[in-house]
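Here the structure comes first, spelled out in structure tokens, and everything after it is commentary.
The values are calculated or read from the model by the stated rules, or taken from the named source; none is laboratory data. Here the structure is a predicted model, which means the values were calculated and not measured. No Cβ is skipped: glycine too gets one built from the backbone with ideal geometry, and neighbour counts run over all protein chains shown. Side chains are part of the model used for accessible areas, which takes the heavy atoms of the whole protein and leaves out ligands, DNA and RNA. Shrake-Rupley method; radii C 1.70, N 1.55, O 1.52, S 1.80 Å.
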Amino acid sequence: MVRALLFDVDGTLADTERDGHRIAFNLAFRDAGLPWEWDVRTYGDLLSVTGGKERIRHFLTLRPDLERLDDAAIAALHGAKTRRYVELVTRGQVPLRAGVARLIAEARAAGLQLGIATTTSPENVTALLDATLGPGAAKWFAVIAAGDVVPVKKPAPDIYTYALDRLGLPASSVLALEDSENGVRSARGAGLNVVVTVNDYTRDQDFRGALAVLESLDEVDLSRLTSLCSAAAPEDAAT
Ligand code: XBP
Ligand code: MG
């Protein structure tokens, strides 16, 4: 029986990668006087590495021609990017994806617990939830597992294991909602069932192990998601 939903944020709740993080990174680069610009396609390639600081570091390994930044400089640049991102979502520039608000309302009405398991920074999550679902909506979530709270980011299972611990529930009673291969690997690694909603960055990825791959949450309601979990074959079911 499903007793909680654990949502990924970036790409799942909203198209934050293309329309939020990418823009915020570019603003922070400009503010810092760095002549870098991540266009939509370049950013898509960089998404193979999760975590903003990790992504900047990865970018520099691909571009030995650019000025080196040490870890402190990367952390400062990333801090500036986070401030830009929070400003942007607080202005309401990134809407929720179709079906997300309805599913959250259904889950709350059914008494399910809600949680977040994401690689992005906690302040980004709170800002997005409050801006899209209404002030105080972040409090609807029993756990917001985010960012550097675990040492290793997705596709490692750590963030889902951390969120499950905080919920106090076994993996078999929690469904993860994800948009990416890294997210599916993370959730499955922690033993969760997972349903995927694709976006333009993730459509062609490998979602082996997911219960279903959908265009958006608009295609399903809570009872359909619950029955997908119940129908999962024992060898596929999370333990
Ligand atoms: C999200 C990420 C994050 C965001 C940026 O992955 O990879 O790095 O792009 O967030 P997922 P920060 O959806 O799989 O959790 O800059 O705050 O790290
Ligand atoms: Mg994601």
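Just a few scattered comments:
- Of all residues in segment 115-125 being touching a strand residue (DSSP E or B) at 6+ places or on another chain (Cβ under 7 Å) and more than 16 Å from V194 (Cβ to Cβ), the one that is surrounded by the fewest Cβ atoms within 10 Å (Cβ to Cβ): P122
- Any hit, segment 150-165, residues being touching an Asp or Glu at 6+ places or on another chain (Cβ under 9 Å), under 27 Å from S223 (Cβ atoms) and of a type in the set (D, E, K, R): no
- Scanning segment 132-146 for residues that are touching a Lys or Arg at 6+ places or on another chain (Cβ under 8 Å) and either surrounded by 18 or more Cβ atoms within 10 Å (Cβ to Cβ) or assigned to a helix (DSSP H, G or I) (or both) turns up W140, V143, A145.
- Members of segment 43-62 found to be assigned to a helix (DSSP H, G or I) and either near ligand 1 (Cβ under 10 Å from one of its atoms) or over 15 Å from H78 (Cβ atoms) (or both), listed by number: Y43, G44, D45, L46, G52, K53, E54, R55, I56, T61, L62
- A count restricted to segment 19-39 and to residues that are at pLDDT 95 or above, surrounded by fewer than 18 Cβ atoms within 10 Å (Cβ to Cβ) and part of a helix (DSSP H, G or I) stands at 3.
- Reported count of residues in segment 106-156, each being closer than 27 Å to E54 by Cα and basic (K, R), is 2.
Listed here are the residues, each with its yes/no results for (1) aromatic (F, W, Y); (2) within 16 Å of ligand 1 (Cβ to nearest atom); (3) assigned to a helix (DSSP H, G or I); (4) within 30 Å of V174 (Cβ to Cβ).
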{"position": "R41", "(1), (2), (3), (4)": "no, yes, yes, no"}
{"position": "P64", "(1), (2), (3), (4)": "no, no, no, no"}
{"position": "E87", "(1), (2), (3), (4)": "no, yes, yes, no"}
{"position": "A98", "(1), (2), (3), (4)": "no, no, no, yes"}
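- Qualifying residue in segment 199-206 (condition: closer than 22 Å to L96 by Cβ and away from ligand 1 (no atom under 13 Å from the Cβ)): yes
- Test: T61 is open to solvent by less than 50 Å² (accessible area, probe 1.4 Å), on the phi < 0 side of the Ramachandran plot and hydroxyl-bearing (S, T, Y): no
- Scanning segment 151-167 for residues that are among the β-branched types (V, I, T) and closer than 11 Å to A190 by Cα gives I159, T161.
- For L6, the conditions (1) farther than 21 Å from W140 by Cα; (2) of a type in the set (A, V, I, L, M); (3) not in a helix (DSSP H, G or I) all hold with the exception of (1).
- Within segment 207-225, the residues that satisfy the criterion of being within 24 Å of D19 (Cα to Cα) and either assigned to a strand (DSSP E or B) or open to solvent by 60 Å² or more (accessible area, probe 1.4 Å) (or both) are V213, L214, E215, D218, E219.
- Taking the conditions (1) surrounded by 22 or more Cβ atoms within 10 Å (Cβ to Cβ); (2) farther than 12 Å from L5 by Cβ in turn, I104 satisfies each one other than (2).
- Matching residues in segment 168-199 - criterion: being in a helix (DSSP H, G or I) and either open to solvent by 20 Å² or more (accessible area, probe 1.4 Å) or hydroxyl-bearing (S, T, Y) (or both): S172, S173, E181, N182, R185, S186, R188, G189
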